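The block underneath contains the structure these notes are about, expressed in structure tokens.
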Ligand code: SAH
């Protein structure tokens, strides 16, 4: 198989060029084409000689994605994209406009094997862990399509980023590299269902990215019922891993908590959550859950959400309720992809 140049760091690209007898500075030129100008073919690299372009295309590929569907919200310009990879695998990405800048939510795997009961991405398991180029291309394609700069990225599409650890770290390094898109680490948020061992690894990487942890429960009993990974990753140890992340990085951890009617949204749940998080450098993001028809899960009422928020805030826990964007094109997390796949079968 040919090496995909878009998945290489600049250092790796330099070694590659030296290996094929080219000058080292060529690597910077090519890297710029791949990560600043978003070239999808060697033909576009017009400042390289025709013979070098031919040599490159004989020996290498460039990871690209094919856009197969796009839905634009008339309310707020939120845009959902479906991209196709090899073997007809489908991934979903979302463009969102916030006051602080344009954000893209990317997928890190096609499907997911974590099995959270409220999530549509995991219903058919994992099909593929994405290469760095396939994660980068989601951002590059959307930036080209929208004609606007993307300043923030969240790893909250389908897949568990820490279950595709090496590729995700490489992706972050390439995205952050000053010779590439140069996106600030603090503009990158990685969301995990809480794989404790990998959270320690991540804390040791010396990165300044924001860590978001999908908590969704105040204790192991509630969490075990909706998140199978919770059994091997219990809350006490999870909290320790979060504290370690904060100590190592000095960064505040975000806890995501999707409110499901009658499952995790009682006043007692809120009080227990508050006492668990007391004293931690953290932030809670309450998410009105997207209904999952396969599971009979229903979103908590607005009153319940407000009450839950009030309890946390009154106990000193910084809390926000996630604003819903693009409700006219709403297809819950991973459900657009799921529907598309079902239709194609
Ligand atoms: N695997 C990672 C990242 C992908 S999921 C993780 O678990 O964090 C991104 C976020 O969407 C997670 O917080 C996840 O729990 C949440 N999510 C999944 N299904 C949802 C739904 N139906 N409604 C609201 N949030 C959902």
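I'd like to know if segment 215-236 contains one or more residues that are in contact with a strand residue (DSSP E or B) (Cβ under 6 Å, 6 or more places away or on another chain), modelled with pLDDT of 95 or more and under 22 Å from residue 306 (Cα atoms). Yes, the conditions are met somewhere in segment 215-236. When segment 159-179 is limited to residues that are over 19 Å from residue 32 (Cα atoms) and either at pLDDT below 95 or surrounded by fewer than 21 Cβ atoms within 10 Å (Cβ to Cβ) (or both), the one that is farthest from the chain's Cα centre (by Cα) turns out to be 166. Where helices (runs of 4 or more DSSP H) fall wholly inside segment 1-83, the ranges with 2 or more residues that are under 29 Å from residue 337 (Cβ atoms) are 25-35. Residues in segment 84-122 that are within 21 Å of residue 258 (Cα to Cα) and in a loop (DSSP other than H, G, I, E, B): 106, 107, 108, 112, 113, 114, 115, 116, 117, 118, 119. Residue-level check: of (1) away from the ligand (no atom under 12 Å from the Cβ); (2) more than 23 Å from residue 319 (Cα to Cα); (3) not in a helix (DSSP H, G or I), residue 173 misses just (3). What is the residue count in segment 273-298 for residues that are out of contact with any helix residue (DSSP H, G or I) (no Cβ under 9 Å at 6 or more places or on another chain) and away from the ligand (no atom under 16 Å from the Cβ)? Of the residues in that region, 3 qualify. Checked against the criterion of being surrounded by fewer than 18 Cβ atoms within 10 Å (Cβ to Cβ), over 19 Å from residue 190 (Cβ atoms) and at pLDDT 95 or above, the candidates 324, 293, 248, 306 yield just one match: 306. The residue list 143, 179 contains one member that is in a helix (DSSP H, G or I) and away from the ligand (no atom under 16 Å from the Cβ), which is 143. Could you tell me whether segment 36-43 includes any residue that is on the phi > 0 side of the Ramachandran plot and free of Cβ contacts under 8 Å to residues at least 40 places away in the same chain? The answer is no, given that none of the residues of segment 36-43 is on the phi > 0 side of the Ramachandran plot and free of Cβ contacts under 8 Å to residues at least 40 places away in the same chain. Of the residues making up segment 201-214, just one is in contact (Cβ under 8 Å) with a residue 60 or more places away in the chain and either buried (at least 22 other Cβ atoms within 10 Å of the Cβ) or closer than 11 Å to residue 264 by Cα (or both), namely 214.
The values are calculated or read from the model by the stated rules, or taken from the named source; none is laboratory data. All values reported here derive from a predicted model rather than from experimental measurement. Using ideal geometry, Cβ is built from the backbone for each residue, glycine included, and neighbour counts are taken over all protein chains shown.
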